[in-house]
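Only one structure is covered here, and it is reproduced in the block below.
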Amino acid sequence: MNRSRIALVLGLIALTAVMRVAPHPFNFTPAGALALYAGAHLRDRRLSYSVPLVAMLLGDLVIGFHVVMPVVYACFAAMVWIGQRIRTRRTFRNVAVGALAASILFFLVTNFAWWALGGAYPMNFSGLLACFIAGIPYFRNTLLSDLLYTGVLFGGTALAGRRFPVLAEADSE
């Protein structure tokens, strides 16, 4: 990997970690988009999974940890996997569908985990429904941020690759 690509990857990790700890609306960060991006742009599987998970870990060292963290990290690993599915077919539609799928996956899995492990809701269908209803505002922010930041990362990389050929090598890394 050339120096420009290393700088880009390290910059994305740092930026994502900083944006997770800086004041922001709940669940409005580039973390999900970074996971999709890493899966779609980084061929080295270890690196593609490490980039978003390291960014998450750096942010969580400041924010703190909670009982559902392993589930959250598993969701981000699944987002990398979704990104890998679109690696060779990075069309606007596929990237948008990937971002939508990542947001829905995160909402369903993490809300179920909060219900099952968090202890804040009764362990019955009404409790599960209440948990999902309480998560709707978070889902809106997750979806909007995933779509926005996915557009910025994928679109920005495409534009930068046209302007600076050394960055266009992202597809072969």
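Miscellaneous remarks
- Prolate/oblate/rounded label for segment 35-123 (Cα gyration tensor, a/c 1.5): oblate
- Comparing 117, 36, 57 in a Gaussian network model of the chain, where Cα atoms under 10 Å apart are tied by springs, the biggest mean-square fluctuation is seen for 117.
- Comparing 92, 139, 106 in a Gaussian network model of the chain (Cα springs below 10 Å), the most mobile by mean-square fluctuation is 92.
- Prolate/oblate/rounded label for segment 107-153 (Cα gyration tensor, a/c 1.5): prolate
- Size of charge dipole - segment 1-142 - debye, nearest 20, with Cβ of Lys, Arg +1 and Asp, Glu -1, no other charges: 700
- Mean separation of Cα pairs under 8 Å and 6 or more residues apart, divided by the residue count, gives segment 3-172 a relative contact order of 29 percent.
- Compactness of the chain, taken as the C-alpha radius of gyration over 2.2 N^0.38 Å, stands at 1.06.
- Extension gain for residue 45 to residue 125 (0.36 nm times residue separation, less C-alpha to C-alpha distance): 24.9 nm.
- Kyte-Doolittle mean at least -0.5, axial Cα span of 18 Å or more - DSSP H helices of the chain: 3-21, 45-63, 69-85, 92-117, 136-163
- Take the Cβ atoms of residue 3 and residue 62, set R0 to 22 Å, and the FRET efficiency comes out at 0.20.
- Largest GNM mean-square fluctuation across 143, 15, 42, computed for the chain with C-alpha springs under 10 Å, falls on 15.
- Helical mean residue ellipticity (222 nm; -39500 (n - 2.57) per DSSP H run of 4+; nearest 500) of the chain: -25500 deg cm²/dmol
- FRET E, pair residue 152, residue 112, Förster distance 30 Å, beta-carbon r, rounded to 0.05: 0.55
None of the figures in this text is laboratory data; all of them are computed from the coordinates on show. Computed from a predicted structure; not experimentally measured. No Cβ is skipped: glycine too gets one built from the backbone with ideal geometry, and neighbour counts run over all protein chains shown.
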